[in-house]
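Report on the structure given below.
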Amino acid sequence: MFDRNILLERRISSNTIPEGYYRLISVLNSNGNVAVRDSSTSNNALVQLWSINNLKNGVWKIIPTSGHYKIQNVNSKKYLDVVNGAYNTPGNALCQTANGCLFDFVLDSDGYYNIRFTGRTYDNKPLMIGIDTEEPVAEGSKLQNWFDDGDENHITSRQFYLEKTTEPINQRDMSLKCGI
């Protein structure tokens, strides 16, 4: 019970997200967070759902920018984006790029976030981050841009919660700081 209370205290449920370090956790799989594949630091490296661990590739710095947000991966220092900038067509994979794009965090009636691409729509509906539900949701599930298609079965594939965290220190960083 104690661990559950700690988790609830770290969960963010606000219309305004303070700058800081977060895990973006899927409602479909609460053990899975948004992470850069293979801890890559390359431009256009894919972003996927992966088990929560102590690696930096699953921690994101959320940075308020002119009423919107940039989402920067702690490991690569690159920003969340869509492959080849294909924002306005749903189903494109998410990746990281040097510039990224802007996002809005919209708190839904269930207390979860839809992470929307600022100003991007498809068929006059906002585009947002979603999980490809054509396959079982597990480690390696593809993250993509998606829209509200009205299908009740797809709602949770576009819901996330934010867990506040600190920037993790990997073993190499720790040994350098401790002089080991």
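The values are calculated or read from the model by the stated rules, or taken from the named source; none is laboratory data. Quick caveat: nothing in here was measured; it's all calculated off a predicted structure. Ideal geometry is used to build each Cβ from the backbone, glycine not excepted, and the neighbour counts take in all protein chains shown. For the accessible areas, the whole protein counts, side chains as well, though only heavy atoms, and no ligand, DNA or RNA atoms are used. Shrake-Rupley method; radii C 1.70, N 1.55, O 1.52, S 1.80 Å.
Among the numbered conditions (1) open to solvent by less than 50 Å² (accessible area, probe 1.4 Å); (2) part of a loop (DSSP other than H, G, I, E, B), tell me where residue 89 comes up short.
Going through the list (1) open to solvent by less than 50 Å² (accessible area, probe 1.4 Å); (2) part of a loop (DSSP other than H, G, I, E, B), residue 89 breaks only (1).
Residues in the stretch 101-139 that are of a type in the set (Phe, Trp, Tyr), touching a residue at least 60 places away in the same chain (Cβ under 8 Å) and under 20 Å from residue 73 (Cβ atoms): how many? Show your work before the answer.
From the stretch 101-139, those of a type in the set (Phe, Trp, Tyr) are 103, 105, 112-113, 117, 122; that's our starting set.
Then keep just the ones that are touching a residue at least 60 places away in the same chain (Cβ under 8 Å); that gives 105, 112.
Cutting the leftovers down to under 20 Å from residue 73 (Cβ atoms) gives us 105.
Looking only at that region, the number is 1.
Within the stretch 123-152, how many residues turn out to be closer than 20 Å to residue 58 by Cα and open to solvent by 30 Å² or more (accessible area, probe 1.4 Å)? Can you show your working first?
Going residue by residue through the stretch 123-152, those that are closer than 20 Å to residue 58 by Cα are 128-132, 137-145.
This time we only want the ones that are open to solvent by 30 Å² or more (accessible area, probe 1.4 Å), so: 132, 137-140, 142.
Here the count works out to 6.
Taking the condition surrounded by 14 or more Cβ atoms within 10 Å (Cβ to Cβ), closer than 20 Å to residue 94 by Cα and more than 12 Å from the chain's Cα centre (by Cα), does residue 49 pass?
No, not satisfied.
Of all residues in the stretch 58-77, count the ones that are open to solvent by 10 Å² or more (accessible area, probe 1.4 Å) and either in contact with a helix residue (DSSP H, G or I) (Cβ under 9 Å, 6 or more places away or on another chain) or free of Cβ contacts under 8 Å to residues at least 40 places away in the same chain (or both). It would help to see each step written out before you state the result.
Initially, the stretch 58-77 is screened for residues open to solvent by 10 Å² or more (accessible area, probe 1.4 Å), giving 61, 63-70, 72, 75-77.
Going one step further and asking which of them are either in contact with a helix residue (DSSP H, G or I) (Cβ under 9 Å, 6 or more places away or on another chain) or free of Cβ contacts under 8 Å to residues at least 40 places away in the same chain (or both), we end up with 65-67, 70, 72, 75-77.
Number of matching residues: 8.
If I filter the stretch 52-62 down to residues being within 13 Å of the chain's Cα centre (by Cα) and among the hydrophobic types (A, V, I, L, M, F, W, C), which single residue comes out as nearest to residue 77 (Cα to Cα)?
60
Among the residues of the stretch 27-85, which ones are among the small types (Gly, Ala, Ser), more than 15 Å from residue 98 (Cα to Cα) and at pLDDT below 95?
Answer for the stretch 27-85, where residues must be among the small types (Gly, Ala, Ser), more than 15 Å from residue 98 (Cα to Cα) and at pLDDT below 95: 30, 32, 51, 66, 67.
Check the stretch 105-122 and report whether any residue there is on the phi < 0 side of the Ramachandran plot, in a strand (DSSP E or B), open to solvent by 30 Å² or more (accessible area, probe 1.4 Å) and of a type in the set (Phe, Trp, Tyr). Talk me through it step by step, then tell me what you get.
The first filter runs over the stretch 105-122 and keeps only residues on the phi < 0 side of the Ramachandran plot, leaving 105-110, 112-118, 120-122.
With the extra rule that they be in a strand (DSSP E or B), the set shrinks to 105-107, 113-118, 120-122.
When the remaining residues are screened for being open to solvent by 30 Å² or more (accessible area, probe 1.4 Å), the result is 106-107, 116, 118, 120-122.
Subsequent filtering for residues that are of a type in the set (Phe, Trp, Tyr) retains 122.
Checking the stretch 105-122: at least one residue is on the phi < 0 side of the Ramachandran plot, in a strand (DSSP E or B), open to solvent by 30 Å² or more (accessible area, probe 1.4 Å) and of a type in the set (Phe, Trp, Tyr).
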